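Below is one structure, written out as structure tokens, with a few remarks after it.
None of the figures in this text is laboratory data; all of them are computed from the coordinates on show. For clarity, every value in this text was computed on a predicted model and none was experimentally measured. Counting neighbours? That spans all protein chains shown, and the Cβs are built from the backbone with ideal geometry, glycine included.
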Amino acid sequence: QVQLVESGGGLVQPGGSLRLSCAASGIIFSINTMNWYRQAPGKQRELVAGITSGGSRNYADSVKGRFTISRDNAKNTVYLQMNSLKPEDTAVYYCNADAIETPSRTVFGSWGQGTQVTVSS
């Protein structure tokens with residue numbers, strides 16, 4: 001069974017930084033694109049950043065220049081470094097993997113449980 005587990009959320013002041021991590025557990029051959037989404041209260045879930053297995057990245061316009069996504073394929077882990085945080089970044093952040101190759105099957109659309117990020121003074 002494959003699971004995605006996020007960590008690193010918390011409360012931070014405006015202008016501060018946080019680093020989120022998401023580790024995939026289980027017997028895994030490979031993971032293609034890994035993404036970070038977020039959902040603020042009363043709003044739809046939105047894509048924040050994504051990274052392919054080869055390292056190509058994309059970002060939402062609202063976080064470009066402030067957030068950096070990276071991954072360690074050997075550890076099946078994706079990171080989100082968030083700098084210059086703003087109150088509007090407050091949300092639950094979710095990790096997502098498009099497709100995870102396991103010995104028995106391909107698991108599509110895996111999600112973590114989410115981690116709360118609150119930016120407030």
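Under a 5 Å amide H to amide H cut-off, with H placed in plane at 1.01 Å, what residues pair with Ser53 once short-range neighbours are removed?
Under 5 Å from the amide H of Ser53: Thr33.
Over what distance in Å are the Cα centres of segment 18-86 and segment 96-121 separated?
Taking the Cα centre of each part, segment 18-86 and segment 96-121 sit 9 Å apart.
Arg45 label point, 7 Å along Cα→Cβ, cut-off 17 Å on backbone N: hits in segment 4-18?
Of the residues in segment 4-18, 4-7 have backbone N under 17 Å from the label point off Arg45.
Return the distance in nm (one decimal) between the two label points of a simple spin-label model at Thr52 and Ser70, each offset 7 Å from Cα along Cα→Cβ.
Roughly 2.1 nm, to one decimal.
Once both labels are modelled 7 Å past Cα along the beta-carbon direction, what's the Asp61-Thr118 spacing in nm?
Result for the modelled spin labels: 3.1 nm.
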